[in-house]
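Here's the structure we're looking at; comments come further down.
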Amino acid sequence: MRHVGAIAGRELRSLFVSPVAYAVLTLFAVLAGFFFLLSIQGFRETMNYYQQIGQFDVLEQINLNNQVIAPFIQVMWIVFLFLIPGITMGLFASEKTNGTQELLMTSPLTMWELVVGKFVAAGAFVTILIAMMGLFPALLFLDADTPILGWIFSGFDLAEPDPEGLQMLAGLLGLWLLGLTYAAVGTFASSLTRNQLVAFFLALALLLILWLLSVVADLGVAEGAMGTAASLSTVLTWLSTSDHFDKLARGLVDTRDLAYFAFMIGAFLVLTKTSVESVRWR
Amino acid sequence: MIEAEGITKRYGDFLAVDDVSFTAQAGEVIGFLGPNGAGKTTTMRILTGFLPATDGSARIAGHDIFNEPLAARRAIGYLPENPPLYPEMDVAGYLEFVTRIKDVPRARRRSAVESAIERCGLKDVHRRVIGSLSKGFRQRVGIAQAIVHDPRVLILDEPTVGLDPIQIREIRSLIAALADPGKSEARTIVLSTHILAEVEAICPRVILINQGRKVVDSSLAELTAEGQSLEDVFARVALRAGEAA
């Protein structure tokens, strides 16, 4: 695995000399900021509602973790859904159009070094994205008399509640794992074609299917009243990313969900390796 | 240095390479000739380990390309038909990356890159981005990539294609210099080309491939001993095969 660093390092350098990386980073920062403000807005509206109807006991239970941070993290998956295929689309497709595939495959590298190197590069980019968006909820941990908190709680007779740090970190961990899974799926999509646009839409389609499997499963449960589809829908729900991510985003760390993401990443990397190797079968 | 034995490549019903065998000693420069689609590129891709052969085996510097692929690949420098370049990287950065994936020890990487830049005449452009270079310079970067890890065996697929006459002359003298034992150990060079004059200029030995089969394997001197030119030999072989088909 000693070539992984060389492969990943080259990939990242190429990413950062191309406009794609900066376009993605800018778009991501703007969207993250927008969705963060939206979450705060939603929080204020909820509080307003309960204050007006005089439900002060509910008001006391509302907290920043569940009403701001978790919704913010949950909504960011949509941003990942579109941006991560943009990052991964070139990983293998561009090697084919550049002809550099021949350089890599006649060098003393193993297939795993190549595949893992590519994935590590995409994973490093995902990590940068998570660090960037983590700055927004981190604002909520600033001292109580900073302007942002003053603004969030202005107009309410309420002690400003402190958010829970670990719960936020669990949510970010969930989004990070989701991002890595998406990166693995995107890497696989890129290995299937030499056209980056095709790789992008293929990744998007795979990720949507992966997300919607649980919806299909829910329909399956309705059918399951007849007695056949229940076990199938259990499998589909398990395979779908949505439930696992949802739990982590709300701050519930369960090793079963962590194992799920590890399994998905591993499975798509195995598929990628098979697909890259298949050039040799033709 | 190269021992190829009965290399065969079959795509479905089509025999791209049919039982090609040859051996090459250190210091030999072999011209790989043949019409388009004769199987030159496929043979070279098999020797470099890019494609597996359907049948047959090959050893590079004593390492079997199927059983010890990593050791065999370390001993090979390969310039494919299209130079494998990353257009967004600069020349020196690209060559540094190649030294890393070709297992050049860390301490020797810098000098390996410098010497490849020197030998391929890339001094003036080594900080330039590859995508902005002319075709001639890109071809030279492609050759630099093949020699940067000082391989014992060099496999060059049409190294002078698309170059102007002066560049062609430079590349030829570079290839001749690489084969020359001189200070370091002699290398074995296999190069494919369409330009018969090129073979006459730099390849003491000629292997002619037609329809996947090796039809001629002899020294240039023997081939042209009876006063016939290489062009006559080439035309005769290509024609005869055409009639047989």
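The values are calculated or read from the model by the stated rules, or taken from the named source; none is laboratory data. The model shown is predicted, which means the values in this text are computed figures rather than measured ones. Virtual Cβ from ideal backbone geometry, glycine too; neighbours counted across all protein chains shown. Surface accessibility is based on the protein's heavy atoms, side chains included, excluding ligands, DNA and RNA. Shrake-Rupley method; radii C 1.70, N 1.55, O 1.52, S 1.80 Å.
Summary table
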quantity	calculated
Residue that is farthest from the other protein chains (Cβ to nearest Cβ) [pool: residues in the stretch B:60-79 that are part of a loop (DSSP other than H, G, I, E, B) and small (Gly, Ala, Ser)]	B:GLY62
The lone exception for B:THR160 - which of (1) away from chain A (no Cβ under 13 Å); (2) open to solvent by 40 Å² or more (accessible area, probe 1.4 Å) it fails	(2)
Residue match in the stretch B:109-119 (condition: in contact with a Ser or Thr (Cβ under 8 Å, 6 or more places away or on another chain), more than 28 Å from B:LEU163 (Cα to Cα) and either open to solvent by 10 Å² or more (accessible area, probe 1.4 Å) or within 14 Å of chain A (Cβ to nearest Cβ) (or both))	yes
Qualifying residue in the stretch B:80-99 (condition: open to solvent by less than 40 Å² (accessible area, probe 1.4 Å), of a type in the set (Val, Ile, Thr) and away from chain A (no Cβ under 12 Å))	yes
Residue, surrounded by the fewest Cβ atoms within 10 Å (Cβ to Cβ), within the stretch A:10-64, restricted to residues that are polar (S, T, N, Q) and within 14 Å of chain B (Cβ to nearest Cβ)	A:SER18
A:VAL253 open to solvent by 20 Å² or more (accessible area, probe 1.4 Å), in contact (Cβ under 8 Å) with a residue 24 or more places away in the chain and within 14 Å of chain B (Cβ to nearest Cβ)	no
Scope the stretch B:1-15; condition assigned to a strand (DSSP E or B) and either open to solvent by 10 Å² or more (accessible area, probe 1.4 Å) or among the basic types (Lys, Arg) (or both); matching residues	B:GLU3, B:GLU5, B:GLY6, B:THR8, B:LYS9, B:ARG10, B:TYR11, B:PHE14, B:LEU15
Some residue of the stretch A:104-121 being within 14 Å of chain B (Cβ to nearest Cβ), assigned to a helix (DSSP H, G or I) and touching a strand residue (DSSP E or B) at 6+ places or on another chain (Cβ under 9 Å)	no
Where B:GLY56 falls short, out of the listed (1) modelled with pLDDT under 90; (2) open to solvent by 10 Å² or more (accessible area, probe 1.4 Å)	(1)
Filter result (in contact with a strand residue (DSSP E or B) (Cβ under 7 Å, 6 or more places away or on another chain) and open to solvent by less than 30 Å² (accessible area, probe 1.4 Å)) within the stretch B:60-79	B:ILE60, B:ASP64, B:ILE65, B:ALA71, B:ALA72, B:ALA75, B:ILE76, B:GLY77, B:TYR78, B:LEU79
Residue among A:THR110, A:THR127 that is under 20 Å from A:VAL185 (Cβ atoms), open to solvent by 30 Å² or more (accessible area, probe 1.4 Å) and of a type in the set (S, T, N, Q)	A:THR127
